[in-house]
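To keep things clear, I will list the structure first and then write my remarks on it.
The values are calculated or read from the model by the stated rules, or taken from the named source; none is laboratory data. Values in this document were obtained by computation on a predicted structure and should not be read as measured data. Keep in mind that these areas ignore ligands, DNA and RNA; they rest on the heavy atoms of the full protein, side chains included. Shrake-Rupley method; radii C 1.70, N 1.55, O 1.52, S 1.80 Å.
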Amino acid sequence: PPPHVVVSRRHHFTMVAFHNFYTPLLALSLISTSVHAFATPANSVLSATDARVNHRHLPRVGGRSTSSLLAATSTDSDYENNNSPEELFYEFTQFLINHQTSMIAEIEEIDASGNHFSRDAWGAFDDTNTTATAVPTKSGGITRVLQGGNVVEKGACSLTVIREGILTADRAATIQGRQEGQSSTSSNGDEEVLVVKEGDVYSAAALSVVLHTRNPFVPTFRSDVRIFLVKSESGKSIAWFGGGSDLTPYYLIDQDIIGFHGKLKQMCDTHFPPNNNSYNMSYEQMKQSCDEYFYLPARSEHRGTGGIFFDDLPATQSTLAFVRDVAQGWMPSWFPIIEKNAEREYSEEEKHWQCLRRGRYLEFNLLYDRGVKFGLANANPRVEGVMVSAPPKIAFDYNHVPKKGSEEERLLAVLRSPMIWV
């Protein structure tokens, strides 16, 4: 088997400035709200305590707190007939390129406004090479944006591919710090753990989506998937996946949220059978990690009703199948909500409430999303790509308090104390 690596959650060293371009590679990966994982400081492993979230009512998985999403070291069986990390990176990146195109076509069809996603490309995908569909040998990206649609008031779908980057000392130190205290051998005792060092070569690829809806009864949808590959000077390599998806509703329609989470749980249980998978992964674990990340501590509110979030998942053929299913399930999990509610009538007051909650969305992005904070820290020619996930219209009313017993108040109660939907 290829060398193993034991790395903690949140590889924040992957958010990099490559040739002065912002590369949102974390689930929040690419578009602000998704791009969180690759830019988090080395010492910020989110936990219920760190986020000041009371998860006492949530289950524990495997006898330990689910807030620590540590990817289990893979066993020999994981690598039987498995492609190399480099081959897995190539296969997954090709999937991302194709999936961006097919998903945009689906969104334009259901939006039915006649508006189309714009195309802003750089590097290997620049506008002189608009028909390129193969995995590039150089870095590049494509930001696609739909504005003023019938269903999607503003939506963005961003692809980023980084090739042959070099880890700096501080980024390598981030991983080394995560590996401290770990065994120097893999789980089978034969292979040395891959110790990432300054100067190691890395590649990364990510696809992320944020769709802000016109109708306040249709939740905002956010999702991303990503892969990160490191090759050491010894020639050994390792790759891992991350990603997830979640909803930010403005009015709670319980059956819609239950249906969304139900699809996620069914998919997770298929790939990671409860209490019987070598990665120690579960829907419950990924759901709690999602709740923990999308949290506004100053407000004591979560941004939405969550979904799943995972990181540091060792790249094997079986985990590749899971991450592909995550991406391919994005639209099927969201479209039923559109079909049910997109034409529902709403008042000016309900639209204003949506704008108020969008203000919280932007607040989270600017204050807490590590990818956005990283991208805005210095002069950045790709600043529009950093801010692409921002809602089209927002509102900030001073000390707004929902009416007692209203649907707005009910939403706030759930955002302050996350529910177990399935």
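Annotations
- In this structure the amide hydrogen of F125, modeled in the peptide plane, comes within under 5 Å of the amide hydrogens of G141, none closer than 5 places in sequence on its chain.
- Semi-axis lengths, largest first, of the ellipsoid equivalent to segment 336-399 are 28, 16, 9 Å, with √(5λ) applied to each eigenvalue of the Cα gyration tensor.
- Residues whose amide H falls under 5 Å from that of V152, counting only those 5 or more places apart or on a different chain, are R214, with hydrogens built in the peptide plane.
- As computed over segment 260-301, the Cα convex hull volume per residue (Å³): 71 Å³
- Within a straight-line Cα-Cα reach of under 20 Å, K393 can be paired with the following aspartates and glutamates, leaving aside sequence neighbours fewer than 8 residues apart in one chain: D111, E153, E343, E345, E348, E349, E350, E363, D369, E384, E408.
- Of K403, K231, the order by accessible heavy-atom surface (1.4 Å probe, DNA, RNA and ligands excluded), from most exposed downward, is K403, K231.
- Using θ = phi - 60° in the Karplus curve 6.51 cos²θ - 1.76 cosθ + 1.60, the 3J(HN,Hα) couplings for segment 412-422 round to 4, 4, 6, 5, 8, 8, x, 9, 8, 7, 9 Hz; x is entered for Gly and Pro.
- Computed from backbone phi with θ = phi - 60° and the Karplus coefficients 6.51, -1.76 and 1.60, the 3J(HN,Hα) list for segment 248-258 is 10, x, 10, 9, 7, 10, 3, 5, 5, 5, 4 Hz; x is used for glycine and proline.
- The calculated P(r) of segment 198-295, using every Cα pair and 5 Å bins from 0, goes 2, 10, 15, 19, 17, 13, 10, 6, 3, 2, 1 in percent.
- The length gained by stretching the chain between E348 and N276 to full extension, at 0.36 nm per residue less their Cα-Cα distance, is 20.9 nm.
- Given K154/K404; K263/K287; K265/K287; K263/K351; K265/K373, the pairs whose alpha carbons are separated by over 21 Å: K154/K404; K263/K351; K265/K373
- Straight Cα distances below 22 angstrom link K231 to the lysines K138, K197, with same-chain residues fewer than 8 positions distant left out.
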